[in-house]
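This report refers to the structure that appears directly beneath it.
The values are calculated or read from the model by the stated rules, or taken from the named source; none is laboratory data. Since this is a predicted model, take the numbers as computed values, not measurements. Ideal geometry is used to build each Cβ from the backbone, glycine not excepted, and the neighbour counts take in all protein chains shown. For accessibility, only protein heavy atoms count, side chains too; no ligands or nucleic acids. Shrake-Rupley method; radii C 1.70, N 1.55, O 1.52, S 1.80 Å.
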Amino acid sequence: QTFIEAMRSVFDGKFSRTDFKLSPCAESQQFRNLKVWQSDEVCGLFANEAPDGSRAAATRRLAPAARGVHLSPEEWHKMLGAAGDDVVLFDVRNKYETRIGR
């Protein structure tokens, strides 16, 4: 409860309407050293290329013409197999999407 009150009182009210879910847990399941901070974005997409650090440079570099190519499942597996060990893959599917394989 203390964490929820702290989150609602900082970050310019961004969490004032957030519906926090509370559930009982053992002390060993708690996040003892949890730290939260505000950031403009998780991954700075070329922001430092603009003199003022804005996202204008990122917008230019990520133009629609530079989008990726859709791959069939067979092409995707072939590409992953050929990539070797120097690959980092972030799976951002939610639980439902993971279960149905999409």
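Quick notes on this one:
- For the residues Ser54, Ser16, the requirement of being surrounded by 10 or more Cβ atoms within 10 Å (Cβ to Cβ), modelled with pLDDT of 80 or more and in a loop (DSSP other than H, G, I, E, B) singles out Ser16.
- Taken over the range 19-33, the criterion of being assigned to a loop (DSSP other than H, G, I, E, B) and open to solvent by 100 Å² or more (accessible area, probe 1.4 Å) is satisfied by Asp19, Lys21, Leu22, Pro24, Phe31, Arg32, Asn33.
- Test for Glu74: is it open to solvent by 80 Å² or more (accessible area, probe 1.4 Å) and modelled with pLDDT of 60 or more: yes
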